[in-house]
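The values are calculated or read from the model by the stated rules, or taken from the named source; none is laboratory data. This one's a predicted model, so the numbers in the text were calculated from it and none came from an experiment. A quick note on method: Cβ atoms are made from the backbone with ideal geometry, for glycine too, and the neighbour counts reach across all protein chains shown.
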Amino acid sequence: MKADLKADLKADMDADMNEAAHPAILVAPERDEDAGLAARIELAFLRHPRILPGIHLFMILFYLMLILVPPLLPAPPENATPFTSFVRFSQFVFWYLWWPFVVLSMIVFGRAWCGFLCPEGALAGWAARFGGDRPIPRWMRWGGIPLVAFVGITIYGQLIGVYEYPGPQLLILGGSTALAMTFALIYTRRGWVWCRYLCPVSLLFGVFSRLGAMHFRVDHSRLAAWRPSPGEDGKKDPCPVFIYLPKMATNRYCLMCFRCAGWRDSIHLRSRRPGAELLKINTAEPLFWEVVFLFGAIGLPLGVFHWTVNPLFQQLKQFLGGLALASGLGGVVGSSAPWWLLSNHPDAGEVFNLLDGISIATFLLGATLLAIGFLSTLTWLSARVVRSTFREETALQEIFTRIGYLYTPLSLLSLFLGLSQLTFGYLKTVGFPGPATDVIRGVLLVGGPLWSLHLARRILALQTADRRRARLALLPHLAGVALIIAAWVPVFYLW
């Protein structure tokens, strides 16, 4: 199995590199003012096309070991550390390092995780070689699928204790991988349907990659001047996620798999200032569902934090419990469930009953919907202010979508603050100063809003030449940013 998988990955990458790369690019990539490190990285991968399959194979084996071995081991003692227990080591890699820092890395590297390191994507790509080549159904193209999947899996993970126990970890991560390979086997072998349409974090990675400094850029002048070499006519575009490369205006779908590097001597890895794509959002394919996700990704991590410490959660639980008792359902909501439905680990002193599960799910879903509704209202008000002086005849939803991207940095850093809670907690246990943790969080709580407000000013200036209206349209977002900060402060500094 290992040898076959390695051979298939190597053959797949070699074929794509041979198809994608123009011979001239193997000598020297295009030079421009933004080349430098990005160009050297591109050249290294083009000259050594076996690097990526090797990385993918290593990540697949490492990933399978981390999810398959811990459920077979006995529960670690309370004083176990990542260096004395493989169960703790697995949890440390996934939830203390991988999840928070992959999100943070997008500011610099964009979706490099997807193309370079993601074992699930590599397995799905390998399985796609044997796919049924069926057409992609219409329902799969609905932009809300990744949002619903992300929120649903996050809530489900809280209910079954995915951060604390190896069984739930295998269920969620392994289940996602099994689904990715299943869809790859059912649908087109020409691309990766899971990565493009269904991956629960594809919307997250896509929208945050717009902040990324590293990106693939289409040089349209070189593309127009390109002429095929003998025998090169008719070759298909190399993109596995169905991007029409000549018209690529954003990297939000791009997995940075390097299959298009050097394509027609016009696509190259380049660097830019973080957030540069958002400063030209009008022409960078703004998507309504991305903005909805940005708003939800602010509310969801706040809900995850608040349900463990906020007295409002206990009040909600008492209210729902009272309703259940009044309806004669007290015995039902007081019952437990299997561990794969609700956390049920009596040896660890944690058993959720149905009331716990309903309360947690209601609280988290409520926090997500509240953030979406609140920030949507502010953005709608802002869009109404600038619409009368808009430089082009555009629907209100389009203006709303463009302006909504100003929350991208704040959304990313809010998500990182939520995901890094375990990381900061671990650092304290090994002697990292508590005040230093508070300072880091404080910097993030200030830096994210300031970056978002800077983007707000620039994005609004793109929409209207009337400076007075642009300043007026900024006011709702000042209120929104202030309230988001106010929601985080008690979690870190008061409770």
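Structure above, values below:
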| item | result |
| --- | --- |
| Residue count for the stretch 172-224, restricted to those that are surrounded by fewer than 22 Cβ atoms within 10 Å (Cβ to Cβ), under 18 Å from the mean Cα position of the chain (by Cα) and either assigned to a loop (DSSP other than H, G, I, E, B) or on the phi > 0 side of the Ramachandran plot (or both) | 3 |
| Unique match (being among the β-branched types (V, I, T) and within 25 Å of S271 (Cβ to Cβ)) among V87, V93, V102 | V102 |
| When residues of the stretch 441-454 are limited to those that are touching a Phe, Trp or Tyr at 6+ places or on another chain (Cβ under 9 Å) and surrounded by fewer than 23 Cβ atoms within 10 Å (Cβ to Cβ), the one farthest from A473 (Cα to Cα) | R441 |
| G157 vs. criteria touching a helix residue (DSSP H, G or I) at 6+ places or on another chain (Cβ under 8 Å), under 26 Å from L365 (Cα atoms), assigned to a helix (DSSP H, G or I) and modelled with pLDDT of 90 or more | yes |
| Residue under evaluation P166, criteria (1) out of contact with any Leu (no Cβ under 7 Å at 6 or more places or on another chain); (2) under 24 Å from G275 (Cβ atoms), criterion not met | (2) |
| Criterion: modelled with pLDDT under 95, surrounded by fewer than 19 Cβ atoms within 10 Å (Cβ to Cβ) and outside any loop (DSSP other than H, G, I, E, B) - qualifying residue of A35, A75, A44 | A44 |
| Failed item in (1) at pLDDT below 50; (2) in contact with a Leu (Cβ under 6 Å, 6 or more places away or on another chain), with E19 passing the rest | (2) |
| Single match in V304, V291 (criterion: over 28 Å from I243 (Cβ atoms) and touching a residue at least 60 places away in the same chain (Cβ under 8 Å)) | V304 |
| Unmet requirement for R270, which otherwise passes all of (1) more than 21 Å from the chain's Cα centre (by Cα); (2) closer than 28 Å to S90 by Cα | (2) |
